[in-house]
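Each value in this text was obtained by applying a stated rule to the coordinates, not by laboratory testing. A quick note: this is a predicted structure, and the numbers were derived from the prediction, not measured. We place every Cβ from the backbone using ideal geometry, glycine too, and count neighbours over all the protein chains shown.
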Amino acid sequence: MKFKVNGNEVFASTGGRPFDKKKPLIIFVHGSGLTHMTWVLQTRYFAFHGYNSLAVDLPGHGLSSGKSLKSIEEMADWVSSVIDAVGHKEASLVGHSQGCLVTVECTSRYPGKIKTLSLMGGAGAIPMNPELLSLAENNDPKAVDLMMDWAHGPAGHFGGHPVPGLYHINTGTMLAKSRTIQNTLGVDFRACDNYKNGFEAAKKIKCPTLSILATDDKMCPVKEGKKLASLIDGSQVDIIDNCGHMMLLEEADRVLTVLKKFITTNYPPLSS
Amino acid sequence: MSDKKKELKPNTYKFDTLSLHAGYQPHKNAGARQVPIYQTTSYLFDDVDHAAALFNLERGGHIYSRISNPTVGVLEERVASLEGGTAALATSSGMSAIFLTIMTLCEAGDHLVVSSQLYGGTVNLFRLTLPKFGITCTFVKPRDTEGFKKAIKKNTKGIYGELVGNPGNELMNMPEIANIAHEAGIPLIVDSTYQTPYLCKPFEHGADIVIHSLTKWMAGHGSSMAGILVEGGNFDWMQNDKFPTMTKPYEGYHGLSFAEEFGPTAFTMKARAEGMRDFGPCLSPQNAWNVLQGLETLSVRMKKHCENAEEMVKYLSNHESVAWVSHPSAPNHPDTKLANKLLPNGKGSMIAFGIKGGKDAGVAFINNVKLASHLANVGDTRTLVIHPASGTHSQMDEATLKFAGLSHDMIRLSVGMEDIDDIKNDFEIGFRAARKPRLVSNQ
């Protein structure tokens, strides 16, 4: 569906179901340089099980217009505006990688609006490798290739996509190259690198929180994810073996099972 | 110690590694090192909710082997990885891959621009069978790049061709024709059977969908029929209103928009969800496994095929019984420059040559060679020969044969991996017989 936030058109996948204001809202926030499509193996399930599932394209990404936002703080405010724009008062947030920084910051800023927080491959800070950052800011496609290499665990490098016939790494590469790299990945990487408030923001979070981490995640290692989770009261942690940073694709079923249990328990769907 | 900073390089697996490993994780398959053959029709659901989620594309997995199968899935991912594609869908033959591609792309009333130099069966599909479904085609000679542009109409939904045409070996200018297609907002579909991804990756030159008959070089052993379509993931289906079945809510899946939901894999998802459901040209797991065995040695075999082919080009070019030779490696081939650009690892192992003495000499040659097999296939590890005008392209009338660049003296040669001297010696037997065509053809 399309709607406007701050004058710019926003695209969000509704998981194949019409948006229904009566249903509780879950917002999925993608990682650096990516799009709503990374969530396809999570969003459709919730959309067909009593929720409004909204996988957004951040401004300037995927099918959304406007320019990419330059800071995690701006993105956090933007997510809050999305909730308003679709006519809801509250939402459950799910973030991946950079999306974790955004949703942590958003939850700390708008505690009354956010009912649950789910973090996948999250950390309190994501400092960027300077060379990778420079490649992305200079529009070099090698930045995407490096990101796809590091983002997939050893097992993920062999493939084995849960959807028959799809090949992880090339699909991710196409998503990250679908818009101009320096305007998406470059801006996002800089925003991640600049963001320093993650640990302080985490301390303010009071809603039920889940962290899904992966043993082979090179971009946001388990110890960093645990450090963030330890600062959030009552945070649950689930660790997936043999999996890299792209857990939402590499181990989509496992992620969905854990996410489903957590969200339906803490933020029940509209019963049919 | 040098303090020179090490350059960052992606360590994703390369071609030879992918051809052995892509698409398969032993630890998810009881530790089996070889890909298991899942000889089964169907798969258990955990519960009703799980079943509904699978049918509704809410989660990945297998339901019924007409739609997908774990062994076939490994093959699909492996070929997608080798081509640099986002997704692939394997079918029971190359022809069914072509048919499924067209039926996923087009509706009744649509039009395609098609290269005139194609495998004879493909020509007949476009010329005679697709019109029965309300899909019409305009044929353009492969070297007539501007002709492709001129043939595009308002209802044209794609351009289709073989990079190196069967059997005349004329090249289409893939990068330029891709630009023409993209300017018109339509995809370029390339049958890359002759090349395999070892010789050419069409997505790097603008193609949007790649088709293979896996029966040929990809398998190599000539034991199993199989086909595949591969998606490049770069085509924007939402740029115009030409592809409503990709972009608008689809009734068959609760209003799903394939382009919105699946983006770079939308075409494959639709081809599987709709095409395999409704037409059902599924690949058997045994044949998928057989093809996987061949794929493991693809680069090694293609090097040998190309090496032997280049030797045969030299041999035939200097032979007194040969009127002409067509192969992209031949110095007088009109497309050498383009071939060097698009086929840097080798020009393939298909040779067309004209035999002096015309049709009778050709028949005599084919009837007398002993090592080369006379059959309707290409890309076997063994050397194969055929006389297209009386074999693979015999269902084409005179005018169509001429437009496709086929002559009655043409022999199509698929060079195998035998010792090159043995192939040449065998050809000498054929040529000797061809010089006495009347005697031999009356046998």
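Here are some notes:
- Whether segment A:66-105 is rounded, prolate or oblate, judged on the alpha carbon gyration tensor where a/c under 1.5 counts as rounded: oblate
- Partner chain coverage, peptide B:247-259 - average Cβ within 10 angstrom: 2
- Adding -39500 (n - 2.57) for every DSSP H run of four residues or longer, then dividing by how many residues chain B holds, sets the calculated 222 nm ellipticity at -10000 deg cm²/dmol.
- By the beta-carbon count within 10 Å of each Cβ, the least crowded to most crowded order of B:Met410, B:Met103, fewest first, is B:Met103, B:Met410.
- Ranked by the mean number of other Cβ atoms within 10 Å per residue, highest first, peptides B:75-88, B:282-295 order as B:75-88, B:282-295.
- Shielding by partners for peptide B:52-60, expressed as the average number of C-beta atoms from other protein chains within 10 Å of each residue's C-beta, is 6.
- Reach of A:Lys226 by Cα under 18 Å, taken over aspartates and glutamates that are not fewer than 8 positions away in the same chain: A:Glu105, A:Glu200, A:Asp216, A:Asp217, A:Asp238, A:Asp241
- Long-range tail of P(r) for segment A:2-266 (Cα pairs > 31 Å, %): 15 percent
- Normalised contact order of segment A:1-138, rounded percent, pairs of Cα under 8 Å and 6 or more residues apart: 24 percent
- Proximal lysines to B:Lys150, defined as alpha-carbon separation beneath 22 angstrom and excluding residues fewer than eight positions away on the same chain: B:Lys141, B:Lys242, B:Lys402
- One way to sum up the overall shape of segment A:1-57 is the equivalent ellipsoid from its Cα gyration tensor, whose semi-axes run 18, 15, 8 Å, largest first.
- Taking the DSSP beta bridges with both ends in segment A:2-266, the antiparallel portion is around 20 percent.
- Listed residue pairs exceeding 27 Å between alpha carbons, taken from B:Lys303/B:Lys359; A:Lys177/B:Lys347; A:Lys196/A:Lys223; A:Lys113/A:Lys218; A:Lys142/B:Lys154: B:Lys303/B:Lys359; A:Lys177/B:Lys347; A:Lys113/A:Lys218; A:Lys142/B:Lys154
- Fluctuation leader among B:Val113, B:Val300, B:Val385 - chain B, Gaussian network, Cα springs under 10 angstrom: B:Val300
- Across segment A:2-266, the relative contact order, built from alpha-carbon pairs under 8 Å that are at least six residues apart, equals 21 percent.
- Taking the inverse of the mean 1/r over every pair of distinct Cα atoms in chain B gives a Kirkwood hydrodynamic radius of 22.9 Å.
- Projected label points at A:Asn8 and B:Asp236, each 7 Å from Cα along the beta carbon direction, are separated by 1.6 nanometres.
- Residue order for B:Cys306, A:Cys106, fewest other beta carbons within 10 angstrom first, comes to B:Cys306, A:Cys106.
- Whether segment B:104-157 is rounded, prolate or oblate, judged on the alpha carbon gyration tensor where a/c under 1.5 counts as rounded: oblate
- Straight-line reach from A:Lys23: taking Cα to Cα under 12 Å and skipping same-chain neighbours fewer than 8 places apart, the aspartates and glutamates in range are A:Glu90.
- Residue order for B:Phe126, B:Phe403, fewest other beta carbons within 10 angstrom first, comes to B:Phe403, B:Phe126.
- Extreme residue, positive dipole direction of segment B:124-203, given options B:His182, B:Met172, B:Thr156 (C-beta unit charges): B:Thr156
- Taking packing as the residue-averaged number of other Cβ atoms within 10 angstrom, the listed peptides A:93-103, B:418-428, B:250-260 run from highest to lowest as A:93-103, B:250-260, B:418-428.
- Our summary gives segment B:1-156 a relative contact order of 17 percent, counting only alpha carbon pairs under 8 angstrom and 6 or more residues apart.
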